[in-house]
Amino acid sequence: MNYHRWTKDEETVFREAIVGFKFNWSRIQQSLLPHISIKSMKNKYYQKMHNNTKVICKSQEEQTGSKISEEMVYKMIKGIISQNLQ
């Protein structure tokens, strides 16, 4: 199994890339992180960032009593990433 250990710099670039390219994994890989597989990028996103998004979505749904749109989820992810960059 080929495992990539992410550096802090790579994580920062990756977070910024998600904000800029949304979830276009191929474009992120080709433009910024060619040495990291798309599978590693997806795993990183789902392990680290998606868990935070699920917690926020659940909290918002409990507060408002309604489901949240994909666009709302993207805005929340963008907010999480922005906070992590500070």
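The values are calculated or read from the model by the stated rules, or taken from the named source; none is laboratory data. Keep in mind the model is a prediction, meaning the values are calculated, not measured. Methodologically, a virtual Cβ is constructed for each residue, glycine included, from the backbone with ideal geometry; neighbour enumeration extends over all protein chains shown.
Descriptive notes on the structure:
- Flag: Val13 matches the condition of being under 28 Å from Met72 (Cβ atoms) and in contact with a Leu (Cβ under 8 Å, 6 or more places away or on another chain).
- Those helices (runs of 4 or more DSSP H) lying entirely in the chain with at least 1 residues among the β-branched types (Val, Ile, Thr) and modelled with pLDDT under 90: 8-21, 50-64, 70-85
- For the range 16-47, the set of residues classified as β-branched (Val, Ile, Thr), in contact (Cβ under 8 Å) with a residue 24 or more places away in the chain and within 21 Å of Gly79 (Cβ to Cβ) consists of Ile18, Val19, listed by residue number.
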